[in-house]
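Below is one structure; the comments refer to it alone.
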Amino acid sequence: MAGELTLSPIMSDALVILGAAGIVIPVFARFRITPIIGFILIGVLVGPYGLGSLVERIPWLTHITIDDPEVLVPFADFGIVLLLFAIGLELSFNRLWQLRRLVFGLGALELLIIGSSLAAFLGLTGMLDWTAAIALGFALAFSSTAIVLPISGTRSPVGRAALSMLLFEDIMIVPIIFILGALAPAAQNDGWGGLAETLWQGGLVIAVLLVAGRFALPRLFSQAARTKSPELFLAASLLVVIGASLATALVGLSPIVGALIAGLLIAETEYHTEVEMIMEPFKGLALGVFLITIGMSIDLMAISADITSIALAVVGVLVFKAFVTGVLLRVMGARRSTATETGVMMASPSETTLIVLAAATAAMVVDFETAQFWQTVTAIGLTVTPLLAKLGRIIARRVDGAPELPDEDDNEDRTIIVGCGRVGRLVADMLRTHGQPHVLLDSDPDLIERAQRDGYRAVFGDAGRGDSLTRLGVETAPAVVLTMDEPVLAQRLVAKLRSTYPDLLVVARARDTDHAAALYRAGASHAVPETLESSLQLSEAVLVDIGIAMGPVIASIHAKRDEFREQLEREGGLTEKPKLRTTNAEA
């Protein structure tokens, strides 16, 4: 019919995904439940085993279901790439070097012990032949990078332990898949030669990325920052992560290796906070697509038909992996709480399990029915991972009453100074004089470069847009000091900070008394007008030089400053000062 609107399948699927994101994220956030579960449940609902199975009887359901889950696979893979890129941004080469003992010690032991133990169990009990048992055992030994790290973070003791094991697992994806190819009945003897070729080519590509990235990335992002264009900054970020991922994929390595290296390289620049902020929405949406694909693979009818076997398999894998991981962490010196929480959270199989199972099936190492059964077990395990994380925290509090403190260097509460010019540097100097941790934030790359050259801790970011302040830990910062000479932006930032963090100490530079009154109305704890301070300093110089004693002069200057401040607060309509959070110095 003329004028009838028809949607292509891709457009229809896109609307379903965006609609799911619009429903899941706010609803689950309202009840303080991780949206991970919501996305998986949406996948179950709109997938071929949910409402999709009713399309033939109810045709209009085609508009709210996804007919072909394979269409979403590239987007799901891209979500995992962006996740590893974001992990790299949170790390640095120094921090990664500090984790080497955990990555190649704990990570290697965890994968080898769990994989070989599961393989031995499956082989000795006669459930599978030895080749299939080895493939399945190591497939189930993987844990979910895409779900675990967003829950655990990377800075707490639990997050560091999880990150170390997951990094080693990500490194081992390619060798394991090559070994499966070598074990295949139809495999030729060049399987090991192909592995060696991939490893040396991959090593060469990684070396080129590391060398080129150190020189090229700071210049690339510096030019993007000078344009003041968020779109160009986003384009540069996507260029880096996609380019690095393609480079490693072309030589047979996993694209997530390239994404991680790209993140690590950018983490060494002053632009990492801005890049992390600008990529966050894309990472979240792409990760949501991945979780929806996991949900779409869950066949509720098949589960109900074989519920006993599936339940025993899920519980057996979860309990065994949690036990082994927890024991290994204790042996490596972790506290009981850390070992318990990490073990329980890492217990479920992984999205990588599905990849390895698919490779094993293609190589005819594992038959289709066996692979389908364990794919269902894996999907269920992924679904309950957020619940396992909560259970792990509950058990950890019971086995170890005192929670373990995070790394002091990574989680140090610090004053955030917005503005890297003359005034911001002076505030930083005074904080440094009194031993107070701080960081400077500015959107001018030239100011950042000069500040870093002069020894200041400064990062690139736009405080007026996105989550730059959140990335720097504003929720625990002793204070935020706004020093930029931009009255409108300062007033807007004060209002935003006060509404989001009612107890935060916000000190703002004001152009004059009228601007100071406006800042007080917006919620500033203190607003310091430049004209007033200049007048007071002039008065102090005159009084001292004409012979008045320094003590009375300083006392009178302080009194006059307090008098003006009270007047400005009254003009600003501030009848009650906000209750500020207690700092460590006051505690």
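Rule-based calculations on the coordinates, nothing more; no lab input. Owing to the predicted nature of the structure, the values given are computational and were not obtained by experimental measurement. Using ideal geometry, Cβ is built from the backbone for each residue, glycine included, and neighbour counts are taken over all protein chains shown.
Relative protection proxy for 294-300, 61-67, from highest mean packing down: 294-300, 61-67 (other beta-carbon atoms within 10 angstrom). Applying a DSSP loop filter and a limit of 13 other Cβ atoms within 10 Å to the trypsin sites (Lys or Arg not before Pro) in the stretch 420-522 leaves ARG465.
Annotation for THR476 and ALA14: the two label points, set 7 Å from Cα along the Cα-Cβ direction, are 4.1 nm apart.
Classify the stretch 73-399: rounded, prolate or oblate, from the alpha-carbon gyration tensor (a ≥ b ≥ c, eigenvalue square roots; a/c under 1.5 rounded; otherwise prolate if a/b is larger than b/c)? Prolate, since a/c reaches 1.5 and a/b exceeds b/c.
Highest-first packing order for the peptide set 223-232, 324-333 is 324-333, 223-232, based on the mean count of other beta carbon atoms within 10 Å. Considering only ILE113, THR269, ALA86, the residue lying farthest towards the positive end of the dipole of the stretch 73-399 is THR269, judged by Cα position with unit charges set on Cβ.
Loop-located chymotrypsin sites (Phe, Trp or Tyr not before Pro) in the stretch 204-272 (DSSP state not H, G, I, E or B) with no more than 11 neighbouring Cβ atoms inside 10 Å do not occur.
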